Amino acid sequence: MTKPPAAVSVRDLRKSYGKLNALDGVSFDIERGETFALLGPNGAGKSTAIEILEGYRDRTSGEATVLGTDPGRGGLAWKAQLGIVLQSTGESGNVTVHEQLTHFAGFYPNPRPVDEVIASVGLEAKERTLIRKLSGGQRRRVDVALGIIGNPTLLFLDEPTTGFDPESRRQFWELIRSLKDEGTTILLTTHYLDEAANLGDRAGIIAGGRLIDIGTIDAIGGADARVPLVRWVDRGVRREQRTAEPATLVAALVRDNGGVELDGLEVVRPSLEDIYLELVAAYEHPAPERVEGPERVEGPAASTSSATDLSKENAR
Ligand SMILES: Nc1ncnc2c1ncn2[C@@H]1O[C@H](COP(=O)(O)OP(=O)(O)OP(=O)(O)O)[C@@H](O)[C@H]1O
């Protein structure tokens with residue numbers, strides 16, 4: 001069976017603002033039904049990439065296809081298949097939540113029922129409230145509701161849960177999972193790495209306009225980056241060691257300690273956030289190149305195993 005065409009396909013995408021290369025040759029695919037998290041520090045180029053894919057921004061060069069169409073040339077029928085939640089809250093109007101959603105539903109050929117959308121973002125109690133009287137987090141939920149009212153095939157979520165309290169964030173995750181279960185393709189940017197880990201099938205990490213890693217959430221950073229860390233306190237001194245066999249190490253340490261429990265013992269498996277921070281730091285502060293001879297210089301250990309995976313993925 002042939003694979004259906006990707007929902008989003010980007011090849012060597014570049015965007016320059018004057019001398020600044022905000023996107024410096026980025027390539028990736030997002031499969032239909034997939035949730036893809038685009039991660040990266042402030043100014044990395046995420047919003048630029050998303051806005052190009054949404055058809056809001058021209059690219060300098062490279063190829064982009066979104067739902068089979070060049071986003072620079074997408075017409076109304078193409079736009080109606082997209083759901084867009086922009087980074088900043090735009091809704092501060094003098095209309096109620098229900099009125100605003102009803103108004104927007106009218107723009108789409110196949111909208112979701114307004115009441116259902118209001119319930120899914122947890123705004124039932126506020127549906128007759130003027131949007132300008134909502135809290136910041138509640139307005140953000142209106143943004144999300146407006147993004148999904150048109151029953152999109154592809155949903156762009158640019159930092160959707162900024163300003164949400166923890167409970168609302170969990171509710172939002174449930175909503176995204178249900179959209180995903182219905183087959184919606186989702187492109188998410190977020191600075192909350194737990195959000196990316198919980199929702200994403202795959203992630204791409206972008207820094208300085210370049211994709212520095214891409215892969216399934218479990219594979220980002222490569223296997224080495226996931227080696228557990230054993231921490232303990234030895235006579236008041238904090239110690240830690242990375243090992244693929246933490247139980248064996250702990251058993252040996254306890255034995256050496258005369259069979260007595262170790263102070264402050266913990267076995268930590270690096271989270272996506274730990275791995276992300278390491279990858280970005282390694283990109284921003286690369287280890288100095290090795291110099292042969294007596295003056296040999298070695299930089300701090302940096303995980304670069306992902307670079308190989310990346311070139312494979314980019315070559316697809
Ligand atoms: N209209 C513009 N004109 C000039 N430079 C721009 C413009 N838009 C973005 N930039 C620059 O391009 C780079 C990438 O910006 P972008 O907004 O895509 O980053 P981002 O990854 O979305 O960041 P954040 O996480 O802060 O939202 C930044 O250096 C930014 O200052």
Log entry: pair-distance distribution for segment 28-117, C-alpha pairs binned every 5 Å from zero, whole % per bin is 2, 10, 18, 20, 20, 15, 10, 4, 1
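Pull up the DSSP beta bridges for the chain and report the antiparallel fraction as a percent, rounded to 5. Before the final figure, lay out each step's value.
Details: 31 of 48 bridges.
Of all bridge pairs located within the chain, approximately 65 percent are antiparallel.
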Under a crude label model (7 Å from the Cα following the beta-carbon direction), how far is A247 from H191 in nanometres? 4.1
Given Cβ point charges of +1 (Lys, Arg) and -1 (Asp, Glu) and nothing else, what value in debye, to the nearest 20, does the dipole of the chain about its Cα centre take? 720
Given the Cα atoms of the chain, and with Rh set as the inverse mean 1/r over their pairs in the Kirkwood sense, what is Rg to Rh to two decimals? 1.06
Can you compute the label reach from T102? Point 7 Å from Cα along the Cβ direction, backbone N cut-off under 15 Å, restricted to segment 119-135. 127-131
Near K180, which lysines are there with a Cα under 24 Å away, not counting those fewer than 8 places off in the same chain? K3, K46, K79
Report the FRET efficiency, 1/(1 + (r/R0)^6), for H285 and R11, where r is their Cβ-Cβ distance and R0 is 30 Å, rounded to 0.05. 0.55
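Grab the beta carbon distance between R128 and E31, set R0 = 51 Å, and tell me the FRET efficiency rounded to 0.05.
Numbers: r = 40 Å, r/R0 = 0.79.
The computed FRET efficiency comes out at 0.80.
Only the coordinates and a few stated rules stand behind these numbers; no lab work does. If you're wondering where the values come from, they're calculated on a predicted model, not measured in any experiment. Counting neighbours? That spans all protein chains shown, and the Cβs are built from the backbone with ideal geometry, glycine included.
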